[in-house]
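Participant: Dumping the structure here so I can ask a few things about it.
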Amino acid sequence: MNDKLVWAKKSTFILAATGSAIGLGNLWKFPYMVGENGGGAFVLVYLVCVLLIGLPVMMSETIVGKYSHGNAIDAIAKTAKRSNASQLWKGTAVMGMVAIFVILSFYSVIAGWALDYTYHFVTGELTGKSVDEVKRFFDTLLADPKRQILWHGLFMFLTAAIIARGAQEGIEKSLGIMMPLLFVLLLAIVGYSMLATGRFNETFEYMFSMDFSKVTPMVVINAMGQAFFSLSLGMCVIMTYAAYMRKDVSITESSLYITALDTVMALLAGLAIFPIVFANDMSAGAGPGLLFVTLSTAFAQMGTVGMILGITFFFLVIIAALSSSISMVEPFVKWFEERFGLSRFATTFTYCLVVWAFGLLSLLSFNIWADVDVLGTGKNPFDLLDFITSSILLPLGGLLISLYVGWAMDKTISREQLFSLNGFFFTLWLVIMRFIVPVLIGLVFLSSILGEEKMTAIINTIID
Ligand code: PHE
């Protein structure tokens, strides 16, 4: 047990939290959500959500972690004790850990698809394929449990191999290589898209022309959910990384960097992907198939250049996913290690094995269990787990953290921790945490429970 361990370098908290934040959420989900939610309107609302909710919540999680220097459960226990608040708030961290356990179990399956695509771009098998053929390739992958089990297993193994080596030796060192590589690869693809496709203006127009009539309540709700997911908030991941933070590092400044970098990467992913999609006369509104069918077909149609782009792009997706998946394992491993004093190596591999096995529920939902209806919900296991995490546990986690830090936790803790903020901005931060964040998240939460139609109707009645 080493609860005073800190990152070797000052910049590592930013690096690690950014690594956690940048992932499938930026490269896969953000672009297709832009496509599905009306382009520029979604981008604008997303930016507002990041600034108004994402940034203050990021600061809050960081405060709790940095103050306590321990795992997320103990971090809440320690701050609650000093604040004379109920120890029941620890439930927030427990819930966060349950959420990332489930998210990781299917995140790894999807990252496994990227491994499969990288492999098949390398062998040249995808090159030259038409849309229908790529679609069939994707469907065949989804229909094949054995193939996916292998890639899902490999991805979980890579994650475990990094985490088992510890915070400094594993996380810090691997991110020192992965993160620069990630930026360079993405910039290379953006560079290509900008110079070679001739569709940059169209993309710019598509992503940044603000058509306010397209801003519906559902767009706002989707954008907020996406901001939470993309910034890794509400699940005690940032809190856990903040526990390794050095005393002299500013929370405000770090949070600003992390939120900005994550947002820039999401926008860059759009600028990398859409020009290639447009140049190949395809639609941006393809939903989750945007990467695995639309973009991949574009690569397949582009000969050798497409092959190189395909390998680069899916390798990039793997690195981004890996820098996120390790952040989903660390909270549990850190807690278990500190609580029971067991070996980090054994804890990590056992935990990852359990996550892998649980992931089979989702994996099989893409094939043999596709039509299984769990407990009459009308959803197969994957759809249900996805719904429970992104629509219930995530907003609930965010809500609890904002209520805890805004109301239950002693204000003097945040005041000490946010030493670099002046009085005005501190008050602004506190007001946002106390009132704005809970109300907005509460709305998201309600909408996910009531469903899109009812919620839109209610909001429209209120507006009228
Ligand atoms: N933020 C990551 C992404 O955008 C996903 C993630 C969620 C990571 C929750 C950690 C915790 O892909």
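Read-outs: derived from the displayed coordinates by stated rules, not from any lab. If you're wondering where the values come from, they're calculated on a predicted model, not measured in any experiment. Every residue, glycine as well, gets a Cβ built from its backbone with ideal geometry; the counts of neighbours run over all protein chains shown.
Participant: Full extension from R82 to S209: what is 0.36 nm times the residue separation minus their Cα-Cα distance, to one decimal in nm?
Facilitator: That pair, R82 and S209, stretches by 40.8 nm at full extension.
Participant: Next question, about the same structure. I'd like the distance separating the alpha-carbon centroids of the range 58-95 and the range 105-177, in whole Å.
Facilitator: 35 Å
Participant: Could you tell me the largest-minus-smallest coordinate of the C-alpha atoms of the range 1-121 on each of the three principal axes, in descending order and whole angstroms?
Facilitator: Extents along the principal axes, in whole Å: 52, 36, 31.
Participant: In a shell of Cβ-Cβ distance under 13 Å around K81, excluding K81 itself, what net charge do Lys and Arg (+1) and Asp and Glu (-1) give?
Facilitator: Charge balance in the 13 Å sphere: +1.
Participant: Determine the gain in length on full extension of the stretch S11-L52; use 0.36 nm per residue of separation and subtract their C-alpha separation, reporting nm with one decimal.
Facilitator: My answer for the length gained is 12.3 nm.
Participant: Determine, from the Cβ-Cβ distance of A161 and A357 and an R0 of 30 Å, the FRET efficiency 1/(1 + (r/R0)^6), rounded to the nearest 0.05.
Facilitator: Computed FRET efficiency for A161 and A357: 0.95.
Participant: Pop the C-beta distance of R339 and I463 into the FRET formula with R0 = 41 Å and round what comes out to the nearest 0.05.
Facilitator: Taking R0 as 41 Å, the efficiency between R339 and I463 is 0.25.
Participant: Oh, and also: How many angstrom lie between the C-alpha centres of the range 380-398 and the range 258-333?
Facilitator: If you average the Cα positions of each part, the centres end up 23 Å apart.
Participant: Of T348, L115, W151, whose Cα points farthest to the positive end of the dipole of the chain (charges on the beta-carbon: +1 Lys, Arg; -1 Asp, Glu; origin at the Cα centre)?
Facilitator: Towards the positive end, the residue furthest out is T348.
Participant: If each of V374 and L181 carries a label point 7 Å out from its Cα toward its Cβ, how far apart are those two points in nm?
Facilitator: Using points 7 Å along Cα→Cβ, the separation is 3.3 nm.
Participant: OK, next. For L150 paired with E125, estimate the spin-label separation in nm (one decimal), with each label point 7 Å from Cα along the Cα-to-Cβ line.
Facilitator: Distance between label points: 0.8 nm.
Participant: Please report the projected area of the chain's Cα convex hull averaged over all directions, in nm².
Facilitator: The number I arrive at for the chain is 21.6 nm².
Participant: Oh, and also: At q = 0.12, 0.13, 0.26, 0.27 Å⁻¹, what base-10 log of I(q)/I(0) does the Debye formula yield for the range 354-405 when every alpha carbon is treated as an equal point scatterer in vacuo?
Facilitator: Summing over Cα pairs of the range 354-405 leads to -0.36, -0.41, -0.93, -0.97.
Participant: Now for a different question. Can you compute the modelled spin-label distance between A260 and M218, with each label point 7 Å from Cα toward Cβ, in nm?
Facilitator: Going from the A260 label point to the M218 one covers 3.5 nm.
Participant: Work out the length of the dipole vector of the range 3-463 about its Cα centre, built from +1 on the beta-carbon of each Lys and Arg and -1 on the beta-carbon of each Asp and Glu, and round it to the nearest 20 debye.
Facilitator: 1340 debye
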